[in-house]
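The structure appears below as C-alpha cells.
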Amino acid sequence: MKVSEIREMTPVEMDKKLDDLRKELFNLRFQHAVNQLDNPMRIKAVKKDIARIKTVIREQESK
C-alpha cells in the first residue's frame, strides 16, 4: 500500500483498514508461532502498512 493511496482514503476507511491490518498481523504472528507461516516477510510488510496509516492519520490531525 502506498502513501498516496492512504491519503485518498477517508478517516473512516483508514480506521477500518487499520483494524483489518492489526487483525492480519495478529493472525500472522499466531501462524509464525506454530510454524505454519508461508511468507515471513508479510509480517514486516503489514507492520509498515500500519505505520504508514498511523503516520497519515497523525499528519491530518496536526493540520
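The values are calculated or read from the model by the stated rules, or taken from the named source; none is laboratory data. Since the structure is predicted, the reported quantities are computational estimates derived from the model, not experimental observations. All Cβ positions, glycine included, derive from the backbone under ideal geometry; neighbour counts span all protein chains shown. Ligands, DNA and RNA are excluded from the accessible area calculation, which covers all protein heavy atoms including side chains. Shrake-Rupley method; radii C 1.70, N 1.55, O 1.52, S 1.80 Å.
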For a quick check of your reading of the model, give me the residue pairs whose first member lies in region 48-60 and is closer than 13 Å to Glu5 by Cβ, whose second is among the β-branched types (Val, Ile, Thr) and crowded, with 17+ Cβ neighbours inside 10 Å, with beta-carbon atoms closer than 9 Å and at least 6 apart or on different chains. Asp49/Ile6; Arg52/Ile6; Ile53/Ile6; Val56/Ile6
Could you tell me whether any residue of region 36-47 is in contact with a Leu (Cβ under 7 Å, 6 or more places away or on another chain), of a type in the set (D, E, K, R), open to solvent by less than 60 Å² (accessible area, probe 1.4 Å) and modelled with pLDDT of 95 or more? no
Return the total of residues in region 21-63 being under 16 Å from the mean Cα position of the chain (by Cα) and part of a helix (DSSP H, G or I). 27
Condition set at pLDDT 95 or above and open to solvent by 90 Å² or more (accessible area, probe 1.4 Å), scope region 48-63, selection nearest to Met14 (Cα to Cα): answer is Lys54
